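The values are calculated or read from the model by the stated rules, or taken from the named source; none is laboratory data. Here the structure is a predicted model, which means the values were calculated and not measured. Because the Cβ atoms are built from the backbone with ideal geometry, glycine has one as well, and the counts that use them run over all protein chains shown.
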Amino acid sequence: MSKQDDFQTFGSAFQQFLHKSGMKDRFDEKQVLASWERVVGKVIAKKTKRIWIKNAILFVEFDSAAIKSDFSFYKSKVLEVFSKEFGPEAVKDIFIL
């Protein structure tokens, strides 16, 4: 076994720290919110009035009825992207307001 095998990667160690300290959920929430524009695109992000997470439910309020309607068609795809990037527990559903 080499010395390199004895050490964890920084990412692995950081994830363990977050999990053990009880901060993983909060960290994941911040990451999801920060990635909103990248995941949904600039047009939808600009029409997003408010966005927040509570109990792994992403609440999104749009300032346009048309965007609200259009987004409902892409909701499952956005959930899939968040699940792949942050794990299935980060965002369990999206509630459109």
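Restricting the first member to segment 57-72 and to residues that are farther than 10 Å from ILE96 by Cα and modelled with pLDDT of 90 or more, and the second to residues that are loosely packed, with under 14 Cβ neighbours inside 10 Å and charged (D, E, K, R), the beta-carbon pairs closer than 6 Å and six or more apart or on different chains are ILE57/ASP93; ASP63/LYS49. Of the residues making up segment 77-93, those that are buried (at least 16 other Cβ atoms within 10 Å of the Cβ) and touching a strand residue (DSSP E or B) at 6+ places or on another chain (Cβ under 8 Å) are VAL78, LEU79, PHE82, VAL91. Criterion applied to GLU89, GLU85, GLU80 was being charged (D, E, K, R), assigned to a helix (DSSP H, G or I) and at pLDDT below 90, and the one residue passing it is GLU85.
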